[in-house]
Amino acid sequence: MSVPATGRASADSGESAWHAAWLPPAAFRELGSRPVLVHGDGLLVDTVLDEVSRACARYGGRLWHGPPWPVDADLVLALRGAGPVPNAAAETARLGATPAVNGAGDGGLGDEGYLLTRASGVTVVLADAPAGLLYGMFHVLRLGAAAFHDDLPTRRHRPALDRRMLDHWDNVAVHPVSGQVERGYAGGSLFWRDGAARREPARLRDYARLLAASGVNAVTVNNVNVHDTEALLLTDRLGDVAEIAEVLRPYGIRVHLAVTFAAPVVLGGLPTADPLDERVRAWWAAATRRVYQRIPDFGGYLVKADSEGRPGPFAYGRDHADGANLLAGALAPHGGVVRWRAFVYDHHQDWRDRSTDRARAAHDHFAPLDGRFADNVIVQVKFGPIDFQPREPVSPVLAAMPATRLAVEVQATQEYTGQQRHVCYLAPWWSEVLRFRPHGAAGGTIADVAGAGGGLVAVSNVGDDPFWTGHPLAQANLYAFGRLAWDPLLDPGAILDEWIDLTWLPVTTGDPETVRRTMHEIMDDSWRTYERYTAPLGVGFMVRPGHHYGPDVDGYEYTPWGTYHFADRDGVGVDRTRATGTGFTGQYPPPWSEVYESRERCPDELLLFFHHVPYRHVLHSGRTVIQHIYDTHFTGVEEVAAMRERWRLLAGALDPAVHDRVAERLDEQFHSAVEWRDQINTYFFRKSGIPDAHGRRIH
């Protein structure tokens, strides 16, 4: 299959080996065909100059960089502190940028913010720091021709969240079970191959550009499950990390490193990793000094401890605050943070013991420690209490630790949502999570929790596939994550429009409105379509053990990892109530503790997460539980079939390589959806003995 030559490298050296994703060269047409003035200096300003220079060379525009004489320009990108702008309209805008802009504070734009305005026929981007100028340029690209209309509103833009991160689960050495990338569905790693650094700066630079254009400003470059080779990145192989940081830095991307809690033992030769041992503290302090000597803007450490076999402070009779504060002390003198994952649970459970509940674990372990973590500790909490399922309630931990900085973790790599073989646009799901108010209508949102210093984190869905994410439509999840991390209140449909405008419309040979409409028809409701043919009413984990692709209703039901549906001849669902179950509902504050406790008030989509009910229990929708299971699984398959037909209509309107890849994935999605439908419906028909009210075929 041929690969479209739309990567940025094609501008200089012929065809690139990867697709451009968003921002193909054609997306720069409006900017590159105009006179542009850049005013100011700095590493990220140099990046702006490079981007604008390439665009102008391609489309006939002209670029000035802070000339000593006045110039006429259609677009001015200027640092406010760099002195008078050599353009009258832009200088007037600079002098007139007051606290009244957006009614906000002192008028400051911060390290990453920018002011966008239109003055006397000139579009002006003003920033207080180079990163703001870079983000402002990308905003102009998002707007396209609208950026140069005289009705462009004056607006100040600042990120709602300071930390907008991707965690790569990439292994340096190929792991015998998880391979080069654990839970990666887009090929190999961008950073590592077969035990060595890849050293492909052109691809890494294009990756940094994609991230910055969507708003991401940090990455962790290795797997949270730190194996022997990966542990060496902290010491012997630190140079490899420094090389990556050097390539990503011009786009404002800070590098973080996942480390093993046992590093003082496995790397330092100490007999212990006890966080209260002075030798251990000294070792971490020295190791961290060496990191900052090589990477002065290093972001910090990511730690998975006492979880799924990873070493941690429990081995020494200590708790997670002790462990996290150990690393925080080493990082604090350098301005770094430790992100400590709250994904801690017993993975050696007795399935016969219904009092053990994996959903309770993070709250049980971490909520009692609120207020004990150092200021530069961020507890990183999965958005739901289980593990990135298609539908879960929001984790109660996010409402239980007001004295701790919390990061909200989502999963862009589609481990339980189709593994990038299925179309599953996740922004609507993430948006629901971010807008959720755990203390009720008068309380704050999950976005507010993330905005208090911890930020938003996604498990990366990127690999070395020519299309970056394997499935070209899965690129939308990467883009949407960055945009929601910048502004959690953005509408997922509007984000999808942005991505379509930046990805497909610049290169389509068909009617743009047909392309836009078809993309929306396929993607808008695709998460709920996936939920319909896989996970009924909050039940999850009905997947094949190990690789987690495809249906296996009892695959995890009698294993040490947990129990998830408790289906029997009389009913289905997990009783997590305080009255008769595991008590998990009591981990939520009012009003949700009462809502989830009640069968009558619990939302349908979460009923089986919180309650074990008879198959003939009537939902708010008016259907019984068993009929809902049958109906949604038949409907889900029909919706995937419709996706396939809609995509076929775009043949000839898009690059054939892209169209063929998506068509292949949609064929696989359809066959998989049929398998899900037949296995789920057959399983519950045989359990319940209740036939489908519509007489459809159930095996």
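The values are calculated or read from the model by the stated rules, or taken from the named source; none is laboratory data. Fair warning: this is a prediction, and the values are worked out from it, not measured in the lab. Here the Cβ positions follow ideal geometry from the backbone for every residue, glycine too, while neighbour counts run over all protein chains shown. These accessible areas exclude ligands, DNA and RNA; they are computed on the full protein's heavy atoms, side chains included. Shrake-Rupley method; radii C 1.70, N 1.55, O 1.52, S 1.80 Å.
Being among the polar types (S, T, N, Q), in a helix (DSSP H, G or I), at negative phi and surrounded by fewer than 17 Cβ atoms within 10 Å (Cβ to Cβ): is that true of residue 514 here? Don't jump to the end; show me each part of the working.
Working: among the polar types (S, T, N, Q): yes; in a helix (DSSP H, G or I): yes; at negative phi: yes; surrounded by fewer than 17 Cβ atoms within 10 Å (Cβ to Cβ): yes.
Answer is yes for this residue.
Which of the residues spanning the stretch 162-171 are of a type outside the set (Asp, Glu), part of a strand (DSSP E or B) and within 18 Å of the chain's Cα centre (by Cα)? It would help to see each step written out before you state the result.
Taking the stretch 162-171 first, the residues of a type outside the set (Asp, Glu) are 163-166, 168-169, 171.
With part of a strand (DSSP E or B) added as a condition, the list becomes 164-166, 171.
If the condition is that a residue be of a type outside the set (Asp, Glu), part of a strand (DSSP E or B) and within 18 Å of the chain's Cα centre (by Cα), then 164, 165, 166 are the ones that fit.
Consider the stretch 598-608. How many of its residues are in contact with a Leu (Cβ under 9 Å, 6 or more places away or on another chain) and either surrounded by 15 or more Cβ atoms within 10 Å (Cβ to Cβ) or touching a residue at least 40 places away in the same chain (Cβ under 8 Å) (or both)?
Going residue by residue through the stretch 598-608, those that are in contact with a Leu (Cβ under 9 Å, 6 or more places away or on another chain) are 599, 604-608.
Pick out the ones that are also either surrounded by 15 or more Cβ atoms within 10 Å (Cβ to Cβ) or touching a residue at least 40 places away in the same chain (Cβ under 8 Å) (or both) and you get 604-608.
Number of matching residues: 5.
Okay, residues lined up against (1) open to solvent by 40 Å² or more (accessible area, probe 1.4 Å); (2) at pLDDT below 95; (3) not in a loop (DSSP other than H, G, I, E, B):
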| position | (1), (2), (3) |
| --- | --- |
| 576 | no, no, no |
| 590 | yes, no, no |
| 593 | no, no, yes |
| 629 | no, no, yes |
| 636 | no, no, yes |
| 639 | yes, no, yes |
| 646 | yes, no, yes |
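Kindly indicate the residue of the stretch 161-212 that is open to solvent by 20 Å² or more (accessible area, probe 1.4 Å) and hydroxyl-bearing (Ser, Thr, Tyr) and also farthest from residue 28 (Cα to Cα) among those meeting that condition.
Per the stated criteria, the residue is 178.
Only one residue in 305, 285, 330 is more than 20 Å from residue 225 (Cβ to Cβ), without any contact (Cβ under 8 Å) to a residue 60 or more places away in the chain, open to solvent by less than 60 Å² (accessible area, probe 1.4 Å) and in contact with a Lys or Arg (Cβ under 8 Å, 6 or more places away or on another chain). Which one?
Working: 305 fails: more than 20 Å from residue 225 (Cβ to Cβ); 285 fails: in contact with a Lys or Arg (Cβ under 8 Å, 6 or more places away or on another chain).
None of the other options fit; the residue is 330.
Can you tell me which residue among 617, 611 is surrounded by 21 or more Cβ atoms within 10 Å (Cβ to Cβ), over 30 Å from residue 182 (Cβ atoms) and at pLDDT 95 or above? Steps first, answer last, please.
On the way: 617 fails: surrounded by 21 or more Cβ atoms within 10 Å (Cβ to Cβ).
Sole residue among the options that is surrounded by 21 or more Cβ atoms within 10 Å (Cβ to Cβ), over 30 Å from residue 182 (Cβ atoms) and at pLDDT 95 or above: 611.
Pairs under 6 Å by beta carbon, first residue closer than 24 Å to residue 459 by Cα and open to solvent by 10 Å² or more (accessible area, probe 1.4 Å) in the stretch 423-448, partner modelled with pLDDT of 95 or more and of a type in the set (S, T, N, Q), six or more apart or different chains?
435/445; 437/445
Pairs, please: C-beta under 7 Å, at least 6 apart or cross-chain, first residue under 22 Å from residue 600 (Cα atoms) and in the stretch 615-639, second in a loop (DSSP other than H, G, I, E, B) and of a type in the set (A, V, I, L, M)?
Between residues of the stretch 615-639 that are under 22 Å from residue 600 (Cα atoms) and residues that are in a loop (DSSP other than H, G, I, E, B) and of a type in the set (A, V, I, L, M), the close pairs are 615/690; 625/619; 626/690; 627/693; 628/619.
Among the residues of the stretch 391-421, write down those that are charged (D, E, K, R) and in a loop (DSSP other than H, G, I, E, B).
Here is the first cut: in the stretch 391-421, the ones charged (D, E, K, R) are 391-392, 405, 409, 415, 421.
Of everything in the stretch 391-421, those that are charged (D, E, K, R) and in a loop (DSSP other than H, G, I, E, B) turn out to be 391, 392, 415, 421.
Just checking, does the stretch 544-561 include any residue being touching a Gly at 6+ places or on another chain (Cβ under 6 Å), under 30 Å from residue 670 (Cα atoms) and surrounded by fewer than 16 Cβ atoms within 10 Å (Cβ to Cβ)? So that I can check it myself, show each step before the final result.
To start, the set of residues in the stretch 544-561 that are touching a Gly at 6+ places or on another chain (Cβ under 6 Å) comprises 544-545.
Adding the requirement that they be under 30 Å from residue 670 (Cα atoms) leaves 544-545.
Now restrict to residues that are surrounded by fewer than 16 Cβ atoms within 10 Å (Cβ to Cβ): 544-545.
Looking for residues that are touching a Gly at 6+ places or on another chain (Cβ under 6 Å), under 30 Å from residue 670 (Cα atoms) and surrounded by fewer than 16 Cβ atoms within 10 Å (Cβ to Cβ), one finds at least one in the stretch 544-561, hence yes.
Of everything in the stretch 560-575 that's in contact (Cβ under 8 Å) with a residue 60 or more places away in the chain and over 29 Å from the mean Cα position of the chain (by Cα), which residue is nearest to residue 613 (Cα to Cα)?
Filtering the stretch 560-575 for residues that are in contact (Cβ under 8 Å) with a residue 60 or more places away in the chain and over 29 Å from the mean Cα position of the chain (by Cα), the one nearest to residue 613 (Cα to Cα) comes out as 572.
If I go through the stretch 291-335 residue by residue, how many of them are assigned to a helix (DSSP H, G or I) and either over 17 Å from residue 264 (Cβ atoms) or out of contact with any helix residue (DSSP H, G or I) (no Cβ under 7 Å at 6 or more places or on another chain) (or both)? Quick ask: steps written out before the conclusion?
Taking the stretch 291-335 as the starting set, the residues that turn out to be assigned to a helix (DSSP H, G or I) are 291-294, 313-316, 320-334.
Now narrow it down to the ones that are either over 17 Å from residue 264 (Cβ atoms) or out of contact with any helix residue (DSSP H, G or I) (no Cβ under 7 Å at 6 or more places or on another chain) (or both): 292-294, 314-316, 320-321, 324-325, 328, 332-334.
Selection size over the stretch 291-335: 14.
Can you tell me which residues in the stretch 459-495 are of a type in the set (Phe, Trp, Tyr), farther than 20 Å from residue 663 by Cα and either touching a His at 6+ places or on another chain (Cβ under 7 Å) or open to solvent by 10 Å² or more (accessible area, probe 1.4 Å) (or both)? Steps first, answer last, please.
First, the residues of the stretch 459-495 that are of a type in the set (Phe, Trp, Tyr): 467-468, 479, 481, 486.
Right, trim to farther than 20 Å from residue 663 by Cα and you get 479, 481, 486.
Correct list: 486 only.
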